[in-house]
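The values are calculated or read from the model by the stated rules, or taken from the named source; none is laboratory data. Keep in mind the model is a prediction, meaning the values are calculated, not measured. Counting neighbours? That spans all protein chains shown, and the Cβs are built from the backbone with ideal geometry, glycine included. Note: accessible area is taken over every heavy atom of the protein model, side chains too, but ligands, DNA and RNA are not part of it. Shrake-Rupley method; radii C 1.70, N 1.55, O 1.52, S 1.80 Å.
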Amino acid sequence: MIGIVIPAHNEEPYLEACLQSVRRSSAHLARHGLHATCVVVLDACTDGSARIARAHADQVLEIDARNVGQARRAGAQYLIEQGAAWIACTDADTQVPENWLHAQWALQADVFCGIVRVEDWGSYSPEVVRAFHAAPPQDGHPHIHGANLGLSRAAYLQVGGFLPASAHEDVSLIRRCEQAGLNIARRIEPCVVTSARRDARAREGFGDFLLNLERTVLQSAGGVDAAAA
């Protein structure tokens, strides 16, 4: 069985689209004779996320930590107890392609590190978009995204899994995988689509990366800092 972990803190606007995309990927996986179980970990949610999760996920866990590392850890632990051989991770504001699960599994690696792309840039300027695409990633890329990550049960247990950190829990996990000498597939496919929202749930994650990129672009152009605009 392949398990999917999705942490969620007040993700009502995005969660249904995310879970629908995961369901399509699970159906694709089933056509290859493999089963998937999707777990949403609701972390201190006060909006309609719980209703959506219960309608579309296989399992819903609830915690009150406001800690993405703890949420991922809780979901992964549940899946391991259910016998998952592979743990795939994404975020509630992300949509995965149909082949997402099967492509990870077919790599036959210990760990998969994928990339993300943005389709709706919202209020970000064309200059920020160009800066983001200035160096297109290739296979072997150095990026680590909790929105597009997977690893075997054995690898997860060997390195101690996700730590209860409020940021960079994905980076910490992969750094320990590197130190352990595990086989890490750093591929540009399958790629997921994530949001460019400015009100990121996990500080110091992808949302803050885009805000910092915007500040850099504005400063290079002699403009004002985005935070003061």
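Hey, can you tell me all the residues within region 50-76 that are in contact (Cβ under 8 Å) with a residue 40 or more places away in the chain and closer than 20 Å to Ala167 by Cβ?
If the condition is that a residue be in contact (Cβ under 8 Å) with a residue 40 or more places away in the chain and closer than 20 Å to Ala167 by Cβ, then Ala65, Arg66, Asn67, Val68, Gly69, Gln70, Ala71, Arg72, Arg73, Gly75, Ala76 are the ones that fit.
Pairs, please: C-beta under 7 Å, at least 6 apart or cross-chain, first residue over 11 Å from Thr94 (Cα atoms) and modelled with pLDDT of 95 or more and in region 1-17, second assigned to a helix (DSSP H, G or I) and open to solvent by 40 Å² or more (accessible area, probe 1.4 Å)?
As it stands, the answer is Ile2/Trp105, since those pairs meet every condition given.
Among the residues of region 1-34 satisfying the criterion of being in contact with a strand residue (DSSP E or B) (Cβ under 7 Å, 6 or more places away or on another chain) and open to solvent by 40 Å² or more (accessible area, probe 1.4 Å), which is farthest from Thr46 (Cα to Cα)?
So the residue we want is Leu34.
Taking the residues in region 125-170 that are among the polar types (S, T, N, Q) and touching a residue at least 40 places away in the same chain (Cβ under 8 Å) as candidates, determine which candidate is surrounded by the fewest Cβ atoms within 10 Å (Cβ to Cβ).
Gln138
Between Asn212, Asn148, which is in contact with a Gly (Cβ under 6 Å, 6 or more places away or on another chain), among the polar types (S, T, N, Q) and at negative phi?
Asn148
Say we look at region 48-75 and pick out the residues that are under 13 Å from the mean Cα position of the chain (by Cα) and of a type in the set (A, V, I, L, M); which of these is nearest to Phe206 (Cα to Cα)?
Within region 48-75, the match that is nearest to Phe206 (Cα to Cα) is Val68.
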